[in-house]
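Trainee: Below is the structure I would like to discuss, written out as structure tokens.
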Amino acid sequence: NAGVTQTPKFRILKIGQSMTLQCTQDMNHNYMYWYRQDPGMGLKLIYYSVGAGITDKGEVPNGYNVSRSTTEDFPLRLELAAPSQTSVYFCASSYSASGSYEQYFGPGTRLTVT
Amino acid sequence: DAKTTQPTSMDCAEGRAANLPCNHSTISGNEYVYWYRQIHSQGPQYIIHGLKNNETNEMASLIITEDRKSSTLILPHATLRDTAVYYCIVRVADNAGNMLTFGGGTRLMVKP
């Protein structure tokens, strides 16, 4: 299993540009999550999904959109990028039937908005 | 979710046990204690979790006090590769998405 994969690894955006961060998991997990981590800080939840076709907001959803058309993929869309969105973005997944709900994280996407 | 308090940083000698404390005095009866770590520039990694009883796996042991107001993560033989930020998270394990709230964590430095 590759686990959770994210692309791209790095990206520089200009203010006002848009982009999609890709996330794929091959563990057949039903739950998926997007977090952001600002320098020196903990992670904050942006959006999550409990299954294909179902998404919900986390702590910091403004400026982002998500979709979950398949179990494997959970892309994060940034519209009108702003410097405040400079961060490292982590995707994660978990399996509700495991009982423990431990989350498995991808390697992250480092985004700079200038 | 209950709030947790961890020391900002700790040092440990290579080969010795690393004991990382966490206070969670407002924990509820249905909340679990989870530990994750984040090695520099990588995504967080699940370590262990527990409800009441002490737990052990191939990575670590988790000791939870009888009143559940605090816990200790033990890395029995720390290596240089265990240098990371360790997060103690208290969370209900349910079907509502199980969001994790990461605080500041403890920065563990394992020294040769």
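The values are calculated or read from the model by the stated rules, or taken from the named source; none is laboratory data. Not measured: the values here are computed from a predicted model. Because the Cβ atoms are built from the backbone with ideal geometry, glycine has one as well, and the counts that use them run over all protein chains shown. For the accessible areas, the whole protein counts, side chains as well, though only heavy atoms, and no ligand, DNA or RNA atoms are used. Shrake-Rupley method; radii C 1.70, N 1.55, O 1.52, S 1.80 Å.
Trainee: So between A:ILE12 and A:ASN30, what do we pick up on full extension, going 0.36 nm a residue minus the alpha carbon distance?
Mentor: Fully extending the segment from A:ILE12 to A:ASN30 adds 3.4 nm.
Trainee: Relative contact order of the stretch A:55-114, please, whole-number percent, based on alpha carbon pairs below 8 angstrom and at least 6 residues apart.
Mentor: Here the relative contact order equals 28 percent.
Trainee: Aspartates and glutamates near A:LYS14 by alpha-carbon distance under 20 Å, same-chain residues fewer than 8 away left out - which ones?
Mentor: The reachable aspartates and glutamates, counting only those whose Cα sits under 20 Å from A:LYS14, are A:ASP38, A:GLU79.
Trainee: Go ahead and set up a Gaussian network model of chain B, Cα springs under 10 Å, then flag whichever of B:GLY15, B:GLY29, B:GLY50 fluctuates most.
Mentor: Maximum fluctuation in the GNM of chain B, among the listed residues, is at B:GLY29.
Trainee: At 1.002 mPa s and 20 °C, plugging the Kirkwood radius over alpha-carbon pairs of chain B into Stokes-Einstein gives what diffusion coefficient in µm²/s?
Mentor: Translational diffusion coefficient: 152 µm²/s.
Trainee: Considering chain B as a Gaussian network with a 10 Å cut-off on Cα pairs, which listed residue, B:GLU14, B:GLU58, B:GLU66, attains the greatest mean-square fluctuation?
Mentor: Comparing B:GLU14, B:GLU58, B:GLU66 in the GNM, the peak value goes to B:GLU58.
Trainee: Additional query: So which lysines can B:LYS3 reach, going by Cα to Cα under 17 Å and dropping same-chain residues fewer than 8 places off?
Mentor: Hits, sequence-local ones excluded: A:LYS44, B:LYS69.
Trainee: Okay, moving on. Using a probe of 1.4 angstrom, how much of the accessible area of the stretch B:2-52 is carbon and sulfur, in percent?
Mentor: 46 percent
Trainee: With a sphere of radius 13 Å drawn around the Cβ of B:ASN23, what net charge do the other residues whose Cβ falls strictly inside it have (Lys, Arg +1; Asp, Glu -1)?
Mentor: +2
Trainee: In Å² (nearest 100), what accessible area is buried between A and B, both sides summed, heavy protein atoms only, 1.4 Å probe?
Mentor: 1600 Å²
Trainee: I've got another one for you. Under a crude label model (7 Å from the Cα following the beta-carbon direction), how far is A:ASP56 from B:SER41 in nanometres?
Mentor: For the pair A:ASP56/B:SER41, the computed spacing is 3.6 nm.
Trainee: Another question, then. Report, ordered by chain and residue number, the aspartates and glutamates lying within cross-link reach of B:LYS111, taken as a straight Cα distance under 15 Å and ignoring same-chain residues fewer than 8 apart.
Mentor: B:LYS111 reaches B:ASP11, B:GLU14, B:ASP82.
Trainee: Another question, if that's okay. What is chain B's relative contact order, in percent, from Cα pairs under 8 angstrom and six or more apart in sequence?
Mentor: Once divided by the residue count of chain B, the mean separation gives 37 percent.
Trainee: Now, a different point. Taking the Cβ of A:VAL60 as the centre, find all other residues whose Cβ is under 11 Å away and add up their charges (Lys, Arg: +1; Asp, Glu: -1).
Mentor: +1
Trainee: Anyone know which of A:GLN25, A:GLN17, A:GLN37 comes out most mobile in the 10 Å Cα GNM of chain A?
Mentor: Maximum fluctuation in the GNM of chain A, among the listed residues, is at A:GLN17.
Trainee: Let me ask something additional. Ordering B:ILE63, B:ILE89, A:ILE12, B:ILE27 by how much accessible area each has at a 1.4 Å probe, largest first, what is the list?
Mentor: Of B:ILE63, B:ILE89, A:ILE12, B:ILE27, the descending order of accessible area is A:ILE12, B:ILE63, B:ILE27, B:ILE89.
Trainee: For chain B, with every protein chain kept in place, what is the accessible area per residue (1.4 Å probe, Å²)?
Mentor: Averaged over the residues of chain B, the accessible area is 51 Å².
Trainee: Once you place label points 7 Å from the Cα toward the Cβ at A:ARG77 and B:GLU58, how far apart are they in nm?
Mentor: 4.1 nm
Trainee: Using only alpha carbon pairs under 8 Å that are at least six residues apart, calculate the relative contact order of chain A and give it in whole percent.
Mentor: Over chain A, the number comes to 35 percent.
Trainee: Using a 1.4 angstrom probe on heavy atoms only, work out the carbon and sulfur share of the accessible area of chain A in %.
Mentor: After summing per-atom areas, the C and S share lands at 52 percent.
Trainee: Relative to the isolated chain, which residues of the stretch B:8-48 have their accessible area cut by 30 Å² or more in the presence of all protein chains (1.4 Å probe, heavy atoms, no ligands or nucleic acids)?
Mentor: Correct list: B:TYR36, B:GLN38, B:SER41, B:GLY43, B:PRO44, B:TYR46.
Trainee: Once the piece of chain linking B:THR8 and B:ASP67 is laid out straight, how much longer is it, given 0.36 nm per residue of separation minus the C-alpha distance between them?
Mentor: Gain on stretching B:THR8 to B:ASP67: 18.9 nm.
Trainee: Could you work out how much longer the chain between A:THR70 and A:ARG110 gets when fully extended? Use 0.36 nm per residue separation minus the Cα distance between them, nm to one decimal.
Mentor: The A:THR70-A:ARG110 span can extend by a further 11.9 nm.
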